[in-house]
Protein chains: 2
Amino acid sequence: MSATTVEERARGVRAAARVLAACPGRVREAALEEVARALEAADHQIEEANQIDCARAREASLADPLQRRLSFGPEKRRQALDGVRSVAALPDPVGKILERRELDQGLLLTRRTTPIGVIAMIFESRPDALLQIASLALKSGNGVILKGGSEALESNRVLARIVHDAAVSAGIPSGWLALIETRQDVGELLRLDAWIDLIIPRGSNDFVRFIMDNTRIPVLGHADGICHVYLDRDADPAVAEAVTVDAKTQYEAVCNAAETLLVHQDALSRVFPGVARALQDRGVELRGCPRTRAVLPGIGVASDEDWGAEYLDRILAVRVVDSLGEAVDHINTWGSGHTDAIVTTDGDRARRFIDGVDSASVMWNASTRFADGFRYGLGAEVGVSTTRIHARGPVGVEGLLSSKWILAGAGHIVADYATGLRSFIHRDLSLHEGSCCGDGEGDA
Amino acid sequence: MSATTVEERARGVRAAARVLAACPGRVREAALEEVARALEAADHQIEEANQIDCARAREASLADPLQRRLSFGPEKRRQALDGVRSVAALPDPVGKILERRELDQGLLLTRRTTPIGVIAMIFESRPDALLQIASLALKSGNGVILKGGSEALESNRVLARIVHDAAVSAGIPSGWLALIETRQDVGELLRLDAWIDLIIPRGSNDFVRFIMDNTRIPVLGHADGICHVYLDRDADPAVAEAVTVDAKTQYEAVCNAAETLLVHQDALSRVFPGVARALQDRGVELRGCPRTRAVLPGIGVASDEDWGAEYLDRILAVRVVDSLGEAVDHINTWGSGHTDAIVTTDGDRARRFIDGVDSASVMWNASTRFADGFRYGLGAEVGVSTTRIHARGPVGVEGLLSSKWILAGAGHIVADYATGLRSFIHRDLSLHEGSCCGDGEGDA
């Protein structure tokens, strides 16, 4: 990694990515296996580098959670290695045929998946994030630019070099992965929309918000996770309690944990008291609207600030609503479009909620905490997107893919169709596997 | 359309779009039929408004092509009406099930298509563009903000009012469509990333480039169309001539017309002379590299400027290359990632070209001019995208769609999976039609 500008390096990744995009799936799979072997062989070296980072973090008295995230001990290293191998074993996502259409006799249109091109991943301390995203990028044929936290400098350097070199030794073009290291480099990176197709930031909300606000490059991710549980008028009390407790307390420091509980007025005396008790038993602080506090006078007051808060803590705002429509409006006004749940035994009302709530994931009688790429069975998680463009909700490796149209003919020209000499058939064909570059006459 | 700020109106469209998103397909279809009826009934009024615009354009001595595009005569009005009716008749694109997975017994995950939300369409003079995009937006359940050319002010006002009101009379929420009129309003619009999800600009390259360079909202479209035809060493001479002539001359003023011809050195004496003659017979000015001019001394000189030029005219730059790889490199360096063609009888070489060229559409023995939503059989064309995010190449109504995850359970909680009490099945289900809100136990 020589002392070139970020732009020069991004151009280099773009050039390598073009060659990588045409590498067969077996080469990419073999490269990932080689990466896993190289990581295993260099385990001691990785450990040493990480220990330097951890020692510096201790000296600098970094916050404990940060030090914990930074630490890349034997168990985490083993898991990361398993992760690389499981990505290697995923079916090849590139070249999958999405559409096939016979436009006319001998004129065959195919749309197939391609890599996006160059992905920039900006993450905070955890060194395992580097391995995860580098593996997914390689699997999907994308070049990648990585920026880790400065506190993980030594770990990231060693990991990036091993991953890059092992893949190159297996036939991947040199330069497919670049590591950048300084905050100044990030500023330059955010301006490189000519060379970078997608940015995936991982870190705190403020960090993601900063990235989103300072680049024209598309960003896959989400800043806020203000998730709701709505207890409908005929919610089953046991389901209401189980879902609310899980959504709030199973792991409260994450984006898909619930921050606000909405209660239909008819469920207030029948369902809410049991739920409230269960939450309070687990140390959850409740903050309520006036009608909530009328039935539970001991709790704090919730203001507008609470409806827009992502506590990431054992605090839950509670609001009573007159109707399902009011619950939907509250969520669409105050939520972040991430994940929201309804608890109800009435299927029609569930459907109204699902149709009306404008969020990436909508749960019915299930916890918001399920909104996650692994739990959704996507094989791997690239991120959770709250934009409506490109990918929405938990995103697997397909979030790193684009597509390409391929039209194979035998000298077909548009003039013949414009003059009426020929006309289009537009017959959809099955998506069977095989050559996407024309069968039969197109192959002449 | 009262005198509110653009932001207030965008918020209004967002609010209406949330209700529209949950409107059943039959309501949206009926609304489009009502729009067609209303347009037909107001035909005289539309004609009058358009004549005012045309008279003003004549007085202002606007350029002839602009006056022609502005004119909305009986034949264009009839075609536009047919267009609205054919969009009404398209299958409902909303609520289509994309994935179904049983995560565990009674825990059913579904991903289905949803509208994106709010689309802003900025177009130049043609009033028919307003009807086309408004119809597609309504069909796909999106709110829409329209900005037409100021020269079409009267036509656009009448059309927007008719379309909006007719749809509302058929049950679509009021405010689903807004028209903005001034250049200043566009400046404000480009900053409204909180309320607008996607911008679709239609117009000149400079116009689209301006939009792309001045907003953080995702833009669906393309600025440049620098398309190539590459004559490989074993190109069939007749196919080479037909494809090149069509790609350059069938309609030279459009984005998918060829601007550069690349010729393999082994095809230079065998294939190129016939192609060159055919082009020159049709009044095409050739500009060549030194090796091209060695065989065709009479033609002009092509410089680096020509490789990056979108002539949109009967001019073609010609360059001789040593290899297929050099052709691919030239295209990836100088092209705009729009559409590029290879002429060859060798399937393996075609595949190398298709894999290597980093463009939205790649043609094999077929003209670049086929790259178009109607010719591709997409039913309607929203635009042609040269980004790799969200949609690529010719984009049909699916470019106006996002998706939503729906998880239906029976009180399922993540804690049970975290503790190992339960484990995921992750069984993919068929995408059969029907309820997407849970079958069986989820429906309890």
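Things to note:
- Position A:Ala238, label points 7 Å along Cα→Cβ, spacing to each other copy in nm (shortest first, one decimal): 7.7
- Over the protein assembly as shown: helical MRE at 222 nm, DSSP H runs n ≥ 4 each giving -39500 (n - 2.57), nearest 500: -12000 deg cm²/dmol
- For A:Arg183, label point 7 Å along C-beta direction: distances to other copies, nm: 4.1
- A:Glu398-A:Leu429 FRET efficiency (beta carbon distance; Förster radius 22 Å; 0.05 resolution): 0.50
- Sum of side-chain charges, B:Ile406 neighbourhood, beta-carbon under 9 Å (Lys, Arg +1; Asp, Glu -1): +3
- Label points for A:Ile52 are taken 7 Å from Cα along Cα→Cβ. From this copy to the others they lie 7.5 nm apart, shortest first.
- For A:His330, B:His390, the sequence from fewest to most other C-beta atoms within 10 Å is A:His330, B:His390.
- Packing-based exposure ordering (other Cβ within 10 Å, fewest first) of B:Ile97, A:Ile52, A:Ile116: A:Ile52, B:Ile97, A:Ile116
- B:Arg291-A:Val295 pseudo-label distance in nm [points 7 Å out on the Cα-to-Cβ vector]: 8.1
- Intensity falloff of chain A expressed as log10 I(q)/I(0), Debye formula with alpha-carbon point scatterers, at q = 0.09, 0.10, 0.11 Å⁻¹: -0.70, -0.83, -0.95
- Look at B:Leu220, B:Leu268 and count the other Cβ atoms within 10 Å of each Cβ; fewest to most, that gives B:Leu268, B:Leu220.
- Bridge type composition, the protein assembly as shown - antiparallel percent by DSSP, nearest 5: 30
- Global geometry of the protein assembly as shown, whether rounded, prolate or oblate, following the gyration tensor of its Cα atoms and the 1.5 cut on a/c: oblate
- The residue in chain B that lies nearest, by its beta carbon, to the axis linking chain B with chain A is given here with the distance in whole angstrom as B:His390, 2.
- Whichever lysines have a C-alpha closer than 17 Å to that of A:Lys76, once near sequence neighbours (fewer than 8 apart) are set aside: none
Readers should treat all values here as calculations from the given coordinates under stated rules, not as data from a laboratory. From a predicted model like this one, the values you see are computed outputs, not experimental measurements. As a convention, Cβ positions derive from the backbone with ideal geometry for all residues, glycine included, and neighbour counts pool all protein chains shown.
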